[in-house]
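Novice: Below is a structure I'd like to ask you about.
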Amino acid sequence: MKQINLSGWELQVDTEATASYYETSPTDICDCAYCRNFLATIPEHFPKKFLEALEEMGIDPCKPFHISEVYRAKEHDHQYVGNYDFVGTVIRSPREYEPNRNFGLDILGKSPKLNIQFSVIVPWLLDEEP
Ligand SMILES: [Zn+2]
């Protein structure tokens, strides 16, 4: 068990169980342009702290359990929503909610199996049109 702060959420995470879950976990990621674009944006366009926390937790950011492109925010920006499962408990939820247009998260589920619901706005990086 490891204590992790994820955007103000204090979590107790079973990092080994989470990492082994991701070795075989099902994912929504497929070969379509929306999914390929999502994967391409992760390294540069996800908040760095969020990626670092996912890595610490044992989560593979390339394997969201669910992912969907919800709308085209601007000509080259797309909003995706998705979730990542993990094993752990919530110690404390954030005191204040800081709205951010480009990124938001919530934690749902029932311990020990929780999931991070996230929403992110990222650019379209592929040469092909969506
Ligand atoms: Zn797809």
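Novice: Which residues, counting only those in segment 1-22, are touching an Asp or Glu at 6+ places or on another chain (Cβ under 9 Å), hydrophobic (A, V, I, L, M, F, W, C) and assigned to a helix (DSSP H, G or I)?
Specialist: Scanning segment 1-22 gives a single hit, 19.
Novice: Kindly indicate whether residue 77 is open to solvent by less than 40 Å² (accessible area, probe 1.4 Å), among the acidic types (Asp, Glu) and either closer than 24 Å to residue 126 by Cβ or touching a strand residue (DSSP E or B) at 6+ places or on another chain (Cβ under 9 Å) (or both).
Specialist: It is true that residue 77 is open to solvent by less than 40 Å² (accessible area, probe 1.4 Å), among the acidic types (Asp, Glu) and either closer than 24 Å to residue 126 by Cβ or touching a strand residue (DSSP E or B) at 6+ places or on another chain (Cβ under 9 Å) (or both).
Novice: Output the residues belonging to segment 54-70 that are within 10 Å of the chain's Cα centre (by Cα) and of a type outside the set (D, E, K, R). I'd like the intermediate steps shown before the answer.
Specialist: Start the filter on segment 54-70 by keeping residues that are within 10 Å of the chain's Cα centre (by Cα), which leaves 54, 59-67.
54, 59, 61, 62, 64, 65, 66, 67 - these are the residues of segment 54-70 that are within 10 Å of the chain's Cα centre (by Cα) and of a type outside the set (D, E, K, R).
One line per residue, one yes/no per condition, for (1) within 20 Å of residue 51 (Cβ to Cβ); (2) within 16 Å of the chain's Cα centre (by Cα); (3) of a type in the set (Phe, Trp, Tyr):
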{"site": "73", "(1), (2), (3)": "no, no, no"}
{"site": "83", "(1), (2), (3)": "yes, yes, no"}
{"site": "102", "(1), (2), (3)": "yes, yes, no"}
{"site": "113", "(1), (2), (3)": "no, yes, no"}
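Novice: Right, something else. Within segment 10-37, count every residue that is at pLDDT below 95 and open to solvent by less than 30 Å² (accessible area, probe 1.4 Å).
Specialist: Matching residues across segment 10-37 total 1.
Novice: Enumerate the pairs (first residue in segment 87-105 and charged (D, E, K, R); second residue anywhere and surrounded by fewer than 14 Cβ atoms within 10 Å (Cβ to Cβ)) with beta-carbon separation below 9 Å, excluding pairs fewer than 6 apart on the same chain, so at least 6 apart or on different chains.
Specialist: Within 9 Å, the pairs are 92/8; 95/8; 96/8; 98/8.
Novice: Same structure, new question: Would you mind finding the one in 82, 104 that is in contact with a Pro (Cβ under 8 Å, 6 or more places away or on another chain) and either open to solvent by less than 60 Å² (accessible area, probe 1.4 Å) or under 25 Å from residue 37 (Cβ atoms) (or both)? Before the answer, list the steps.
Specialist: Values: 104 fails: in contact with a Pro (Cβ under 8 Å, 6 or more places away or on another chain).
When all the criteria are applied, what remains is 82.
Novice: Do we have any residue at all in segment 98-111 that's small (Gly, Ala, Ser) and assigned to a strand (DSSP E or B)?
Specialist: Yes: segment 98-111 contains one or more residues that are small (Gly, Ala, Ser) and assigned to a strand (DSSP E or B).
Novice: Only residues that are part of a helix (DSSP H, G or I), touching a residue at least 12 places away in the same chain (Cβ under 8 Å), more than 21 Å from residue 109 (Cβ to Cβ) and away from the ligand (no atom under 13 Å from the Cβ): list them for segment 23-71, please. Even if it seems obvious, please write down each step before you answer.
Specialist: Filtering segment 23-71 down to residues part of a helix (DSSP H, G or I) leaves 23-24, 33-45, 48-57.
So of that shortlist, the ones also touching a residue at least 12 places away in the same chain (Cβ under 8 Å) come out as 33-42, 45, 49-50, 53-54, 56-57.
Of the ones still in play, those that are also more than 21 Å from residue 109 (Cβ to Cβ) are 33-42, 45, 49.
Correct list: 41, 42, 45, 49.
Novice: Quick check: anything in segment 114-130 under 15 Å from residue 4 (Cβ atoms), open to solvent by 60 Å² or more (accessible area, probe 1.4 Å) and in a loop (DSSP other than H, G, I, E, B)?
Specialist: Among the residues of segment 114-130, not one is under 15 Å from residue 4 (Cβ atoms), open to solvent by 60 Å² or more (accessible area, probe 1.4 Å) and in a loop (DSSP other than H, G, I, E, B), which makes the answer no.
The values are calculated or read from the model by the stated rules, or taken from the named source; none is laboratory data. Just so you know, these numbers come straight off a predicted model, no measurement behind them. All Cβ positions, glycine included, derive from the backbone under ideal geometry; neighbour counts span all protein chains shown. When the accessible area is computed, the model is the full protein with side chains, heavy atoms only, and any ligands, DNA or RNA have been set aside. Shrake-Rupley method; radii C 1.70, N 1.55, O 1.52, S 1.80 Å.
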